[in-house]
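J.: Handing you a structure now.
The values are calculated or read from the model by the stated rules, or taken from the named source; none is laboratory data. All of these numbers come straight from a predicted model, not from anything done at the bench. With ideal geometry, Cβ positions are generated from the backbone for all residues, glycine too; neighbour counts draw on all protein chains shown. Just so you know, the surface numbers come from the protein's heavy atoms only, side chains and all, with ligands and any DNA or RNA stripped out. Shrake-Rupley method; radii C 1.70, N 1.55, O 1.52, S 1.80 Å.
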Amino acid sequence: MIWYPYEQMKNMKAPYKIIKAKGVHLYTEDQELIDSVSSWWCMIHGYQHPELTAAIQEQAANFCHVMLGGLTHDPVEKLSAKLEEFLPGDLNYCFFSDSGSVAVEVALKMALQYNTNQCDDHPEMKKRTLILALEHAYHGDTFKAMEVGDDEDYHFAFDKKEGVVHIPTEIPALEEAFALYHDKLNCFIVEPLLQGAGGMRMYDISFLKRARELCDEYGVLLIFDEVATGFGRTGNRFVADLVLPDILVLGKALTGGYIGHAVTVANEKVFRGFYSDNERHALMHGPTFMGNALACAVALKGIEIFERENYMEKIKKIEEISKREMLGFSDGRIKEVRVMGGCTCVEVYDPKTLEGFQQYAYERGVFSRPFLSYMYSMVPYVIEEDELVQVFTVMKDWFRRG
């Protein structure tokens, strides 16, 4: 029996069974659906892309996987080199893993051990273990990721820990946190500009610019979790292009959604904190499937397509259509409509307002997955204008029906 995610198994509705997928469409036995959420935001190139499929097949003809413990291979070396060239600043050191949650764990482990290593070399330094994070944060469902998360709907069964402080995305709160805790703070982890599973919450770049200044002033590492926001979702290639973090976490769209994989990318300063004659200073972490050859091959091809097909222009067009179709729309049950890059969110006052919407959308050719008080779209970047308009028409018609 399959144990499904985020569901009470006793009373869950039967899931839609997909028999084929191509482009932006999912197919059941009786319906063709536009995937308006990109399979949890990762399928940016759409389904059954011939070049991505070919990249996996070509690599599989040689080998599918070898571990990185004592071994290496061309796909992981080429992907690491490509990311070094592709990412901003000195984000040059790639530690691969098999999911976004694990990549966040690696980032936090890096940050905490970075301080430990420094204290080993400089006994006068103070140990720093406190982590600053955002209210409504979601960084994954593994344990340290849950600890820095701040959403009771996902993590209510686990006690909050003493080692994390959560703040709103407001500069006064940010400055107050640094004033109070700067000598204890190890790192500040954020989903930059767009908080996904916490409610598609959007905030201004000025907050991150001030965070960078304060982190520099007090020697605190800045971590960007761009698992969801990377590869254009906010309308920026990466938010790291605007404000440079010390550690960057990527996943989801990294492989175009074709195989699970992720990477934690450190800058020169962080990497040098581990590069030592002291064996204890090594990063003792090693996911079995890190640097998986199939995943690296498809990621390389996906980045090539992203650049060659000018995806940033596609995302700009998606944002323009989204604003045209949705920003003027209102209803007494709607609290706010917001758009950023490839994300549109309709927040309602009462979650009951959205009950039944998934089936309503299904019957009209759209796969949607609202949660809590949020009806949203995060479409594949290859979507056509008429398909995107269809998604928004279904969303608006839900409220117009009375």
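J.: Using a 1.4 Å probe on the protein heavy atoms only, what accessible surface does residue 142 show? Give it in Å² to the nearest 10.
T.: Accessible area of residue 142: about 50 Å².
J.: Would you please give the residues with an amide H less than 5 Å from that of residue 93, counting only those at least 5 places away or on a separate chain, with H modeled from the backbone geometry?
T.: Long-range HN contacts for residue 93: 266.
J.: Aspartates and glutamates near residue 13 by alpha-carbon distance under 14 Å, same-chain residues fewer than 8 away left out - which ones?
T.: 355
J.: Under 15 Å Cα to Cα from residue 22, which aspartates and glutamates show up? Leave out anything in the same chain fewer than 8 places away.
T.: Filter leaves 32, 35, 51, 384, 387.
J.: Two decimals, Cα atoms only, Kirkwood Rh: what is Rg/Rh over the chain?
T.: Values: Rg = 21.4 Å, Rh = 22.1 Å.
Ratio of gyration radius to Kirkwood radius: 0.97.
J.: At R0 = 45 Å, how high is the FRET efficiency between residue 84 and residue 329 if r is their beta carbon distance? Nearest 0.05 is fine.
T.: On the way: r = 43 Å, r/R0 = 0.96.
Calculated transfer efficiency: 0.55.
J.: Another question, if that's okay. Which of the pairs 109/335; 252/396; 184/335 have their Cα atoms more than 32 Å apart in this structure? Please report the intermediate quantities before stating the final value.
T.: Details: 109/335 39 Å; 252/396 28 Å; 184/335 38 Å.
Table pairs above 32 Å Cα-Cα are 109/335; 184/335.
J.: So, one more: Please report, in debye to the nearest 20, how large the charge dipole of the chain is about its Cα centre when each Lys and Arg carries +1 at its beta carbon and each Asp and Glu carries -1 there. If you can, show how the numbers build up before the last one.
T.: Numbers: 41 positive and 60 negative charges, 135 e Å.
Here the chain has a charge dipole of around 640 debye.
J.: Averaged across orientations, what area in nm² does the convex hull of the alpha carbons in the stretch 73-197 project?
T.: Details: hull surface 39.3 nm².
Computing the convex hull of the Cα atoms and averaging its projections yields 9.8 nm².
J.: Mind ordering 7-18, 306-317, 28-39, 327-338 by average Cβ neighbours within 10 Å, highest first? Working shown, then result.
T.: Details: 7-18: 9.0, 306-317: 15.2, 28-39: 17.8, 327-338: 13.2.
Per-residue Cβ counts within 10 Å, averaged per peptide and sorted highest first, yield 28-39, 306-317, 327-338, 7-18.
J.: Another question, then. So for each of 104-110, 47-53 I average, over its residues, the number of other beta carbons within 10 Å; can you give me the resulting order with the highest mean first? Could you put the intermediate results ahead of the total?
T.: Values: 104-110: 24.3, 47-53: 16.9.
Highest-to-lowest ranking by the protection proxy: 104-110, 47-53.
J.: Here's a follow-up. Quick check: pseudo-label points 7 Å beyond the Cα along Cα→Cβ at residue 352 and residue 92, how many nm apart are they?
T.: 5.9
J.: Counting only protein heavy atoms, what percent of the accessible surface of the chain is carbon or sulfur at a 1.4 Å probe? Numbers along the way, then the final one.
T.: Numbers: 9300 of 18130 Å².
Whole-percent figure for carbon plus sulfur exposure: 51.
J.: Still on this structure, please answer the following. Based on the Cβ-Cβ distance of residue 12 and residue 275, what FRET efficiency does E = 1/(1 + (r/R0)^6) give at R0 = 60 Å, to the nearest 0.05? Intermediate values should be presented prior to the final figure.
T.: On the way: r = 49 Å, r/R0 = 0.82.
So the FRET efficiency works out to roughly 0.75.
J.: Nearest 5 is fine: what % of DSSP beta bridges in the chain come out antiparallel, could you say?
T.: Numbers: 29 of 45 bridges.
Counting only bridges with both partners in the chain, antiparallel ones make up about 65 percent.
J.: OK, next. For a quick check: with amide H placed at 1.01 Å from N, whose amide H comes under 5 Å from residue 235's, ignoring anything fewer than 5 positions away on the same chain?
T.: 342
J.: For residue 39, what is the net charge nearby, where nearby means another residue's Cβ is under 13 Å from its Cβ and Lys, Arg count +1, Asp, Glu -1?
T.: Details: positive: 252, 369; negative: 35.
Local net charge: +1.
J.: Using the alpha-carbon centroid of each, what span in Å lies between the stretch 306-369 and the stretch 188-217?
T.: With the stretch 306-369 and the stretch 188-217 each reduced to a Cα centre, they are spaced 22 Å.
J.: With +1 on the Cβ of every Lys and Arg and -1 on the Cβ of every Asp and Glu, and nothing else charged, how large is the dipole of the stretch 1-157 about its Cα centre, in debye rounded to the nearest 20? Write out the running numbers ahead of the final one.
T.: On the way: 12 positive and 24 negative charges, 54 e Å.
Once rounded to the nearest 20, the dipole reads 260 debye.
J.: Hey, what do the phi angles of the stretch 2-7 turn into as Karplus ³J(HN,Hα) couplings, whole Hz, using 6.51/-1.76/1.60 and θ = phi - 60°, x for Gly and Pro?
T.: So the Karplus estimates, Gly and Pro as x, are 7, 9, 7, x, 6, 9 Hz.
J.: Cross-link partners among lysines for residue 317, C-alpha distance below 17 Å, same-chain residues fewer than 8 apart left out?
T.: In chain and number order, there are no partners.
J.: List every residue whose amide H lies under 5 Å from the amide H of residue 167, counting only residues 5 or more places away in sequence or on a different chain, with H placed 1.01 Å from N in the peptide plane.
T.: Amide H neighbours of residue 167: 133, 134, 135.
J.: Identify, among 383, 168, 361, the residue whose Cα sits farthest towards the positive end of the charge dipole of the chain, taking +1 on the Cβ of Lys and Arg and -1 on the Cβ of Asp and Glu, with the dipole about the Cα centre.
T.: The residue sitting farthest along the positive end of the dipole is 361.
J.: When Lys and Arg each count +1 and Asp and Glu each count -1, what net charge do the other residues less than 10 Å away from residue 269, Cβ to Cβ, add up to? Don't skip to the end; give the middle numbers.
T.: Working: positive: 272; negative: 90, 246, 268.
Spelling it out: positives minus negatives among the neighbours equals -2.
J.: Note down the accessible area of residue 77, probe 1.4 Å, to the nearest 10 Å².
T.: Here the accessible area works out near 90 Å².
J.: A further question follows. Do the sum for the chain: with -39,500 (n - 2.57) for every DSSP H run of n ≥ 4, divided by all residues, what is the mean residue ellipticity at 222 nm, to the nearest 500 deg cm²/dmol? It would help to have the intermediate numbers written out before the result.
T.: Values: 13 runs with 145 residues, N = 402.
About -11000 deg cm²/dmol.
J.: May I pose another question? Hydropathy at least -1.0 by Kyte-Doolittle, axial extent at least 18 angstrom from the Cα trace: which helices of the chain, defined as entire DSSP H runs, fit?
T.: Details: long enough: 100-121 (31 Å, -0.07); 205-218 (20 Å, -0.45); 293-308 (22 Å, 1.09); 311-326 (22 Å, -1.18); 385-400 (22 Å, -0.23).
Qualifying helices, which must be both long enough and hydrophobic enough, are 100-121, 205-218, 293-308, 385-400.
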